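All remarks here apply to the structure that follows.
Bear in mind that the values in this text are calculations on the coordinates, not laboratory data. This is a predicted model, so every value here is computed, not measured. Cβ atoms come from the backbone with ideal geometry, glycine included; neighbour counts cover every protein chain shown.
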Amino acid sequence: MAEARGRHRELCIPLCVVPATINNNVPGTKISLGTDTGLTAVVQTCDRFKQSASGTKRRVFIKTMGGYCGYLANMGGLTAGANATYIFEKPFDIGDLQSNVEHLMEKMKTTIHRGLVLR
């Protein structure tokens, strides 16, 4: 658009470029447009999962989103009270998964019969 301004007068308008990504991975910004909406969607979905799981016994839900940026999963896990969160920026292996499965198995033996893992 900037290149075409010289040829098209109607494109000579003031512009303001605002970063917009749900991943909040735009350098130089504290938070980008779309992040709050994305985080709200993650937390609402996790709340629905937990509500659904409370009606049954021994359920574990795994929510995936965010691609190569763990911001939404990390913040969503903190906000929604997830048992574990796996993000791209922090590598994990089968031992980590096994440890969390064992933790969830122990949790299922208590009065809380549900788990939430975000990826």
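Each Lys and Arg Cβ is given +1 and each Asp and Glu Cβ -1; about its Cα centre, the chain then shows a dipole of about 400 debye. Between amide H atoms placed 1.01 Å from N, distances below 5 Å from Leu33 occur with Thr21, all of them 5 or more places distant or on a separate chain.
Footprinting exposure proxy ranking of Val42, Val117, Val18, Val101, fewest other C-beta atoms within 10 angstrom first, gives Val18, Val101, Val117, Val42. Ordering Thr85, Thr29 from the fewest to the most neighbouring beta carbons within 10 Å gives Thr29, Thr85. Its residues counted as N, the chain yields a C-alpha radius of gyration over 2.2 N^0.38 Å of 1.50. One Cα centroid belongs to the range 1-36, the other to the range 81-115; the line between them spans 40 Å. The calculated 222 nm mean residue ellipticity attributable to helices in the chain amounts to -12500 deg cm²/dmol, summing -39500 (n - 2.57) over DSSP H runs of n ≥ 4 and dividing by all residues. Amide H contacts under 5 Å for Val60: Gly115, restricted to partners 5 or more places along the chain or on a different chain, H placed in the peptide plane at 1.01 Å from N. For the range 1-76, applying the loop criterion from DSSP together with a ceiling of 15 other beta carbons within 10 Å to the trypsin sites (Lys or Arg not before Pro) yields Arg7, Lys30, Lys57, Arg58.
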